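Below: one structure, written as structure tokens.
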Amino acid sequence: MEPIKKVPFTKEMKKDYTILIPQMSPIHFDLLTPAFRHCGYNVEILPEMGKQAVDTGLKYVNNDACYPSLIVVGQIMEALLSGKYDLNKTAVIITQTGGGCRATNYIGFIRRALTKAGHPDIPVISINMVGLEKNPGFKLTPSLIQHGLYALEFGDIFMRCLYRVRPYEKVPGSANALHEKWKKRVIDFVGNTKILSHRKYRKMCRQIIRDFDNLPMTDEKKPRVGVVGEILVKFLPAANNYIVDLLESEGAEAVVPDLTDFLLYCCYNQNFKADYLGATAKSKRINNMLIRFFEWLRKDARDELAKSKHFEPTAYIQDLAKQAEHIVSCGNQTGEGWFLTGEMLELIAQGATNIVCAQPFACLPNHIVGKGVIKEIRHEYPGANIVAIDYDPGASEVNQLNRIKLMLSTAQKNLKKTNS
């Protein structure tokens, strides 16, 4: 078998190439497009494709690969083969964590799929913080980082606020309308060609939270259901069969932790690596500085959430680690690692004792630190109502739905006992 060809993304390509970004979290990624375009990259976030993407992915990736890799490759190949793009002026971008999960190997899957489809010259750009690959035409400049991180933080605020108030809105559609109003303002702000005002960013964070906090809501009591799991299956509606919509339609409130927390988890892991696995003290210092930087970005939103009537403030990554370490070692860093356990414990502490652990079938890290810890968590918290749901091309949606409904039935019974 011939080696897979790596085509670099050059400076000349930046001028007239369209860069495709596979979808992962619409509520966040819709805000990223103006951030990239501000920095001169003509990017396009791919739309959700559901089963169509999975079917296409199965043509190019062996079905023993994980479900998220099938979806990512399927999205990309479906778009490239649609006839919509000039394949001589199209590139693909993908993130890499550098960890032991197969997610790090997505870039290899994509290149193999492109070669198989007869398009080996399409560049695949890697976004990573560990120096895995470099492309002369793509740079993580301070401007791109600033615009991108602002977009990410706004996405976390939207997700936290929208999911909290929408199930209780007095006027149907008012929460989504408020989200759309602020989404337009955020896109305009993030895509501004001038230097972004951090003062305005902080003000907008506070205003968004206050507007959602003051939205007319009913006093109805509904079970709160946390959603955790593998990052793509957790955030991409098409991958988890629209679990947030399902939970809301069944009379529950979905609670999904911030996307930023995963980045903080990756940074925090350097502490264990430096202390026990031979990583340098310098890498530990740099990553702890990054954590402090992220917390500085989130400070105004956290303070406003803490003052609000309806919202909980975001968690600190150090607290998540401390909560989890008596159950799983912080050395469990493949995939979502100890972070998955930490998120479940944080949700329980916030009153979301009902949890769906969404995981790709046969994703070993998630089975160990997701499904594997459920018994111990139930032992510590007898009221914990946790169900692990496997997502896979061959998984039965009916079985998934029935298991979630069974969990919700128990949640409703527990809520009645609490309120009686």
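The values are calculated or read from the model by the stated rules, or taken from the named source; none is laboratory data. As the structure is a computational prediction, the values presented were derived from the model and not from experiment. As a convention, Cβ positions derive from the backbone with ideal geometry for all residues, glycine included, and neighbour counts pool all protein chains shown. Calculation scope for accessible area: heavy atoms of the full protein, side chains included, ligands and nucleic acids excluded. Shrake-Rupley method; radii C 1.70, N 1.55, O 1.52, S 1.80 Å.
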Rounded Å value of the spacing that divides the Cα centres of region 241-313 and region 28-104
24
Placing each pseudo-label 7 Å from Cα in the direction of the beta carbon, Asn214 and Tyr85 end up separated by a distance in nanometres of 4.3
In the chain, whole DSSP H helices that both stretch 30 Å or further along their axis by alpha carbon positions and average at least -1.0 on the Kyte-Doolittle scale are 142-165, 281-307, 397-419
In terms of the alpha carbon gyration tensor, root eigenvalues a ≥ b ≥ c, rounded if a/c is under 1.5 and otherwise prolate when a/b exceeds b/c or oblate, region 186-249 is oblate
Based on the alpha-carbon gyration tensor of region 66-188 and its eigenvalue square roots a ≥ b ≥ c, which shape applies: rounded if a/c is under 1.5, prolate if not and a/b is larger than b/c, or oblate?
prolate
Please work out how much length the chain gains when fully extended from Glu48 to Asn399, using 0.36 nm per residue of separation minus the C-alpha to C-alpha distance, in nm with one decimal.
124.1 nm
Prolate/oblate/rounded label for region 11-65 (Cα gyration tensor, a/c 1.5):
oblate
Too-long pairs where the Cα-Cα distance tops 28 Å, listed order kept, from Lys5/Lys183; Lys51/Lys371; Lys59/Lys273:
Lys5/Lys183; Lys59/Lys273
Roughly how big is region 134-275's charge dipole about its Cα centre, with Cβ charges of +1 (Lys, Arg) and -1 (Asp, Glu), in debye to the nearest 20?
800
List the GluC sites (Glu not before Pro) within region 214-310 that DSSP assigns to loop and that have no more than 13 neighbouring Cβ atoms inside 10 Å.
Glu220
Give, in whole angstrom and from largest to smallest, the semi-axes √(5λ) of the equivalent ellipsoid of the chain, with λ running over the eigenvalues of the Cα gyration tensor.
33, 25, 23
To the nearest 0.05, the calculated FRET efficiency linking Lys221 and His198 through their beta-carbon distance, R0 being 41 Å, is 0.55
Considering the options Leu132, Phe109, Gln333, tell which one lies farthest towards the positive end of the dipole of the chain, charges being +1 on Lys and Arg and -1 on Asp and Glu at the Cβ, about the Cα centre.
Leu132
Given C-alpha coordinates of region 208-334, what is the ratio Rg to Rh with the Kirkwood estimate of Rh?
1.03
With every protein chain kept in place and a 1.4 Å probe, the chain has an accessible area per residue in Å² of 45
Which residues does a label at His326 reach in region 349-386, if reach means a backbone N under 18 Å from a point 7 Å past the Cα toward the Cβ?
349-351, 373-384
The extension gain from Phe361 to Lys309, computed as 0.36 nm times the residue separation minus the Cα-Cα distance, is 14.8 nm
Charges only on Cβ, +1 for Lys and Arg, -1 for Asp and Glu: so what's the dipole of the chain about the Cα centre, in debye to the nearest 20?
980
Excluding residues fewer than 8 places away in the same chain, name every one of the lysines whose C-alpha is closer than 28 Å to that of Lys184.
Lys14, Lys15, Lys84, Lys139, Lys170, Lys194, Lys200, Lys203, Lys234, Lys299, Lys307, Lys309
Tell me, what is the 1.4 Å probe accessible area of Ser82, in Å² to the nearest 10?
70
At a 1.4 Å probe radius, carbon and sulfur cover how many percent of the accessible area of region 1-124?
51
Under a Cβ-Cβ cut-off of 12 Å, what is the net charge of the residues other than Gln23 that fall near it, where Lys and Arg count +1 and Asp and Glu count -1?
-4
Length added when fully stretched, Lys181-Met289, from 0.36 nm per residue minus Cα-Cα:
35.4 nm
Accessible-area order for Asp219, Asp213, largest to smallest, probe 1.4 angstrom, reads Asp219, Asp213
Compute the label zone of Leu58 within region 373-399: residues whose backbone N is under 11 Å from the point 7 Å along Cα-to-Cβ.
393-395
